[in-house]
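Every number here is computed from the coordinates shown, using simple stated rules; none is lab data. Just so you know, these numbers come straight off a predicted model, no measurement behind them. Here the Cβ positions follow ideal geometry from the backbone for every residue, glycine too, while neighbour counts run over all protein chains shown.
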Amino acid sequence: MQCEAHPVHDDQGQLQQIVVTFFDITERQRAVDSLKKSEALLNEMGRMARIGGWQLDLATGKQVWTEAVYLVHELDTTFEPNLDNAIGFYPPSAAPIVMQAVERAVNLGEPFDLEVEFVTAKGNRRWIHTIGRAVREHERIVALTGVFQDITARKVAEDELASYRDRLEVLVETRTQALNEQLARVREQEHLLIHQARLAAMGEMLGNIAHQWRQPLSALALVLGNLQDAERHQELTPQYLARKIADAHRLIDKMSTTISDFRDFFRPDKPPETFDLSQAVGAALTLMEASLKTHGIAVVTDFCEEARTRGRLNEYSQVILNLLSNAKDAILAHHPDGGQILVRVDRADDRARVRISDNGGGIAEAARERLFEPYFSTKPDGTGIGLYMSRMIIEKGMGGRLCACNRETGAEFTIATPLAPPEQ
Ligand SMILES: Nc1ncnc2c1ncn2[C@@H]1O[C@H](COP(=O)(O)OP(=O)(O)OP(=O)(O)O)[C@@H](O)[C@H]1O
Ligand SMILES: [Mg+2]
């Protein structure tokens, strides 16, 4: 209730009466209370979010701030803000930007939205987000109004995030580099292994060539002996000489074929092709033939079906050669009565398959788990890379499988590679 008293005087100025009026101001008081509450709530929210409002009166140059704006400036509300002292809180890097934005808003009515650095009254560095727009009265710009928010926490988080990202990138980069280096080392090692395997196989080859040549060489010696005898007994007719020379040429041709066979075998980087397994097995057997024969080892072949696959023929033959040579070693170490190697070629499901079994006593218990490891060998002069290389060629190079097991009298190795369609 609001009460108002009005004195009433007569012409002489004598107090005649007092008129007292009572007003019911409940509604008005409610409205004022509600406004105060709203303002308090707004200020509370502003403090929490560190966001406030400001207005600049262009006629007086004075500013009005809400509580949160004072809070962000670390000032109390006795401070009287105007355009000049407000701009003083921006460091030299930011002041011209803010100034220019304000000028453009005043002169052109352009709104602004800036995130800039800021220094409080207590000298603390902060980041603020300030938004402003022109207020017009009859088309004339009379004031600027806007929002002012402390965004330091967000900026710090963003900076931290960026630094984490940078660190992560560096980490990924370093790890990738380390991985690449490791990969390069592994490749180099693999390369070295392949080289060693080649050298080892070449050593073996030399032995095989020696075996292959023994027979034609002694035959050649025989031809020479024949010629000498004929001459001694005056039986050297031109026809006899011609026949013996032809014999000698045949033997020399045979020796030269052996050399070409070996050379073909080691020709590097032949392109992949589709070939029949018996072709690859045949090539390896030709090279081993004489050596196996010398050691009294019989080879039984069973090429029951055509089985074609795709890959590098000479690499595949090298695998067969490794397996044959291992079978020979096992037989020689085991001394069975009559060494024998059985080579079978067939198709199984969608695989082209070669199985090589021997009667060399089988794979030793201790060797079974480590058979395909590089440098694993139970032989005094073995390099232990034959089976490792063979598995690489078959499994990595051709998408096939090379495995071993023991049968009654010895070991059996199976090579299974994807079947290629038969030749048209
Ligand atoms: N047919 C087989 N019978 C029994 N053991 C075998 C047979 N083939 C391989 N092994 C075992 O597997 C081991 C590894 O063979 P791998 O061919 O990798 O090397 P290596 O033959 O010992 O050496 P290199 O091939 O240089 O002569 C052999 O030392 C042997 O113990
Ligand atoms: Mg071997």
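In the chain, what % of DSSP beta bridges are antiparallel (nearest 5)?
Bridges in the chain are about 90 percent antiparallel.
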> In the structure shown, do any of 254/379; 328/396; 293/396 have a Cα-Cα gap over 31 Å, and if so which?
Replying inline: 254/379; 293/396
>> Using the Cα centre of segment 2-155 as the reference point, and only Cβ charges (+1 on K/R, -1 on D/E), how large is the resulting charge dipole? Debye, rounded to the nearest 20.
In response: 820
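Counting other beta carbons within 10 Å of each Cβ, put 345, 135, 69 in order, fewest first.
So the ranking, lowest neighbour count to highest, is 135, 345, 69.
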>> Per 0.36 nm of contour for each residue apart, how much would the distance between residue 24 and residue 8 grow if the chain were fully extended, relative to their Cα-Cα spacing?
In response: 3.5 nm
> What is the set of long-range amide H partners of residue 151 at a cut-off below 5 Å, with H atoms built 1.01 Å from backbone N?
Replying inline: 127, 128, 129
> Which helices of the chain meet both criteria: a Cα extent of 27 Å or more along the helical axis and a mean Kyte-Doolittle score no lower than 0.0, with helices taken as whole DSSP H segments?
Replying inline: 313-334
> If Lys and Arg each add +1 and Asp and Glu each add -1, what is the summed charge of the other residues whose beta carbon sits under 14 Å from the beta carbon of residue 383?
Replying inline: -2
>> What's the magnitude of the charge dipole for segment 269-424 around its Cα centre, counting Lys and Arg as +1 and Asp and Glu as -1 at the beta-carbon? Answer in Debye, nearest 20.
In response: 240
>> Sort 294-307, 76-89, 272-285, 12-25 by the packing proxy (mean of other Cβ within 10 Å over each peptide's residues), most packed first.
In response: 272-285, 294-307, 76-89, 12-25
> What is the order of 343, 32, fewest Cβ neighbours within 10 Å to most?
Replying inline: 32, 343
> Summing +1 for each Lys or Arg and -1 for each Asp or Glu, what net charge is found among the other residues whose Cβ lies under 13 Å from the Cβ of residue 24?
Replying inline: 0
> Net charge near residue 144, counting Lys/Arg +1 and Asp/Glu -1 over other residues with Cβ under 10 Å of its Cβ?
Replying inline: 0
> According to the Cα gyration tensor, what semi-axes, each the square root of 5 times an eigenvalue, does the equivalent ellipsoid of the chain have, listed from largest to smallest in whole Å?
Replying inline: 109, 26, 19
> Okay, helix-only estimate at 222 nm for the chain: each DSSP H run of n ≥ 4 adds -39500 (n - 2.57), divide by all residues, round to 500 deg cm²/dmol; what do you get?
Replying inline: -17000 deg cm²/dmol
> Relative to the Cα centre, what is the charge dipole magnitude of the chain, using +1 at the beta carbon of each Lys and Arg, -1 at the beta carbon of each Asp and Glu, and rounding to the nearest 20 debye?
Replying inline: 2080
